[in-house]
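Have a look at the structure below before the remarks.
The values are calculated or read from the model by the stated rules, or taken from the named source; none is laboratory data. Here the structure is a predicted model, which is why all the values come from computation and not from measurement. We place every Cβ from the backbone using ideal geometry, glycine too, and count neighbours over all the protein chains shown. Only protein heavy atoms, including side chains, enter the accessible area calculation; ligands, DNA and RNA are left aside. Shrake-Rupley method; radii C 1.70, N 1.55, O 1.52, S 1.80 Å.
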Amino acid sequence: MRLFISQTSPRTAKKRQYSPMAILTILSYPDPRLHTVAKPVAVVDDRIRTLAADMIETMYESKGVGLAATQVNVHERVVVMDVSEEHNQPLVMINPELLWKSDERIKGEEGCLSVPGVFDNVERAAQVRIQALDEHGNMQTYEADGLMAVCIQHEMDHLMGKVFVEYLSLLKRTRIRGKLVKAQRELER
């Protein structure tokens, strides 16, 4: 995996330190709220920083590598991720915008915190370049490949109201939906 970060703000990046925050409830597919298109964040303020910190805590607690605000029923363009081996390098991406994606495609197994226990192959661009604000409101440019590129595309799909299973066949989606609805009913008993 290659990740290149270019800071376009004159301020230098501060080391990200997060104290324990709230664990948020993650929506489960086929919850219709997962199909809500997220709105841009108007101002990066303490509310957004708290949301991002809570999302990071939730992502770590849930053993994930990425989480979009849509998944926690906040419909604003905020994504957190950490694909580092040690899970100690969280990234916050606010209002991410895709600048470029490679023609080269890769196919790999994906899972999702909103689709627990389901993994399947999805084809994605092998490399991407995006711009996003960090938690301090500074514009960053990210160039990524490998797992980072896949994670960026997966989480940006959530912001557009799309869940990874929608890349699968109708038959697979129907089976997944049935399995998750049944599991939810059993939990409610």
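Okay, here's what the table says:
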| read-out | value |
| --- | --- |
| Percent accessible area from carbon and sulfur atoms, segment 28-119, protein chains only, probe 1.4 Å | 50 |
| Degrees, to the nearest 10: 170-188 long Cα axis against longest axis of the chain | 90 |
| Globularity ratio of the chain, using Cα Rg and 2.2 N^0.38 Å | 1.01 |
| Per residue solvent-accessible surface (Å²) - the chain, probe of 1.4 Å | 54 |
| Whether segment 88-162 is rounded, prolate or oblate, judged on the alpha carbon gyration tensor where a/c under 1.5 counts as rounded | oblate |
| Extension gain, D31 back to E166 (0.36 nm per residue minus Cα-Cα distance, nm) | 47.3 nm |
| Label point distance in nm, E104-E85, each placed 7 Å from Cα along Cα→Cβ | 2.2 |
| Contour minus Cα-Cα distance for Q184 and T50 (0.36 nm per residue) | 45.3 nm |
| M160 accessible area, 1.4 Å probe, all protein chains in place, Å² to nearest 10 | 110 |
| Candidates G146, G178, G161, ranked by Gaussian network fluctuation over the chain, Cα under 10 Å, top entry | G178 |
| For the chain, size of Cβ-based charge dipole, Lys and Arg +1, Asp and Glu -1, in debye | 460 |
| Largest to smallest principal axis extent of the C-alpha atoms in segment 28-115, angstrom | 37, 29, 28 |
| GNM result for the chain, Cα springs below 10 Å: residue of L34, L113, L159 fluctuating most strongly | L113 |
